[in-house]
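Note sheet for the following structure.
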């Protein structure tokens, strides 16, 4: 079996877990909790960078980065489901995926700061990421009407859905007020079985 190393709070690992479920790869991929950000974790022998997700393929090759792992898993059956379109929508799709990933990146920095002991947190970093998240959800309230945000599930949806779902672990990420279209879109994607099964739990 392939081995997918994850941590429960990582939105990047959640993306890979969602693809495993959506592609019905549960019998081919073993999901393994990894212990990260601690000295001498056994996980570092598997992945020296200590990052998640990390996929060990059937031939022993290790893959890092959620985008790479999700694409690899999606293409295993030769029938990729989540690829972004080509043609006239090629750059628009990649623009939206980058926009969603940018929001996840900022929220992850915010979340890591909150995980520190209170006396070690940086108020400046927290304020910066709070402000950034506010700007990003405003952008997404407009972008959610884009045709690529409707229809079949794709990597933009998965990335944005995992980002918005971080509200469950960050009480300061209050994005719903003033964003009714985004809230409606998220309600639909959050109801998918793969999103329910991988939903963030409050610490």
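Taking the stretch 53-70 as the range and being in contact (Cβ under 8 Å) with a residue 40 or more places away in the chain and farther than 11 Å from residue 15 by Cβ as the test, the residues that pass are 54, 55, 56, 57, 58. Of everything in the stretch 61-83 that is closer than 17 Å to residue 27 by Cα and assigned to a loop (DSSP other than H, G, I, E, B), the residue that is farthest from the chain's Cα centre (by Cα) is 77. Of all residues in the stretch 18-34, those being touching a strand residue (DSSP E or B) at 6+ places or on another chain (Cβ under 6 Å) and either over 14 Å from residue 77 (Cβ atoms) or part of a helix (DSSP H, G or I) (or both) number 5.
Taken residue by residue, the stretch 118-138 has at least one member that is at pLDDT 95 or above, farther than 30 Å from residue 37 by Cα and in the same structural domain as residue 92 (by TED's automatic domain parsing).
One residue stands out in the stretch 3-32 among those that are surrounded by fewer than 19 Cβ atoms within 10 Å (Cβ to Cβ) and over 16 Å from the mean Cα position of the chain (by Cα): the one that is nearest to residue 168 (Cα to Cα), namely 32. State yes or no: is residue 126 out of contact with any strand residue (DSSP E or B) (no Cβ under 7 Å at 6 or more places or on another chain) and within 27 Å of residue 91 (Cα to Cα)? No. Examine the stretch 84-94 for a residue that is in a helix (DSSP H, G or I) and at positive phi, and state whether such a residue exists. Taking every residue of the stretch 84-94 in turn, at least one turns out to be in a helix (DSSP H, G or I) and at positive phi. Could you check residue 153 against (1) within 24 Å of residue 84 (Cα to Cα); (2) in a helix (DSSP H, G or I) and say which number it fails? Tallying (1) within 24 Å of residue 84 (Cα to Cα); (2) in a helix (DSSP H, G or I), residue 153 fails exactly one: (2).
The values are calculated or read from the model by the stated rules, or taken from the named source; none is laboratory data. Everything numeric in this text was worked out from a predicted model, so none of it was measured. Using ideal geometry, Cβ is built from the backbone for each residue, glycine included, and neighbour counts are taken over all protein chains shown.
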